[in-house]
Amino acid sequence: VQLQASGGGLVQAGGSLRLSCAASGLTLSRYTMGWFRQTPGKAREFVASITRSGARSNYADSVKGRFTISRDNAKNTVYLQMNSVKFEDTAVYYCAADAGAFLASQELAYDYWGQGTQVTVSS
């Protein structure tokens, strides 16, 4: 199983970025998917999750209204659209797959993790 996160980079505050997470070795439609992020010296924190069908999603308060999680099960890929980014969004972003059927914001719920992609927001 491999989750390959990509799309990170340098973006100016107020700009946009779209992250992708391509899955191989598993059928993505059978997994709830999530995005987390981590900055040096801090614990990894929940960003967003989406149910298997994509019908429901939830977000951390810090990104609500700015970030959108979506998925294309036919392409085995999950996305995180990041709009109106802020300096404090700077982090390594990880995608994760949860075999459970419900939205999950806890790390322990997730079974598989990607390697992370760096997002740096310049002020």
For TYR112 the rounded accessible area (nearest 10 Å², probe 1.4 Å, non-protein molecules ignored) is 80
The answer for GLY116, listing residues at least 5 apart or on another chain whose modeled amide H is closer than 5 Å to its amide H, is ALA5, CYS95
Dividing the mean separation of Cα pairs under 8 Å (6+ apart) by the residue count of the range 56-123 yields a relative contact order in percent of 30
A 1.4 Å probe over the protein heavy atoms gives the chain a carbon and sulfur accessible-area percentage of 48
Counting only DSSP beta bridges fully inside the chain, the antiparallel percentage to nearest 5 is 90
Relative contact order in percent for the range 1-71 (Cα pairs under 8 Å, 6+ apart) equals 21
If each K or R counts +1 and each D or E counts -1, the residues other than ARG44 whose Cβ falls under 11 Å of its Cβ total 0
Expressed in square angstrom to the nearest 10, the accessible area of PHE46 with a 1.4 Å probe stands at 30
Heavy-atom accessible area with a 1.4 angstrom probe orders ARG18, ARG30, ARG71, ARG37, most exposed first, as ARG30, ARG18, ARG71, ARG37
To the nearest Å², the heavy-atom accessible area per residue of the chain with 1.4 Å probe amounts to 50
The answer for the net charge of residues other than LEU19 whose Cβ lies under 14 angstrom from its Cβ, with Lys and Arg +1 and Asp and Glu -1, is +2
Given backbone amide H placed at 1.01 Å from N, residues whose amide H is under 5 Å from that of VAL85, ignoring those fewer than 5 places away on the same chain, are GLY14, GLY15
If amide H atoms are modeled at 1.01 Å from N in the peptide plane, then the residues at a separation of 5 or more from LEU26, or on another chain, having amide H under 5 Å from its own are GLN2
Taking Lys and Arg as +1 and Asp and Glu as -1, residues besides GLN106 with C-beta under 14 Å from its C-beta add up to -3
Rounded to the nearest whole number, the per residue volume of the convex hull around the C-alpha atoms of the chain in Å³ is 89
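The values are calculated or read from the model by the stated rules, or taken from the named source; none is laboratory data. Everything quoted here is computed from the prediction, not taken from an experiment. Using ideal geometry, Cβ is built from the backbone for each residue, glycine included, and neighbour counts are taken over all protein chains shown. Just so you know, the surface numbers come from the protein's heavy atoms only, side chains and all, with ligands and any DNA or RNA stripped out. Shrake-Rupley method; radii C 1.70, N 1.55, O 1.52, S 1.80 Å.
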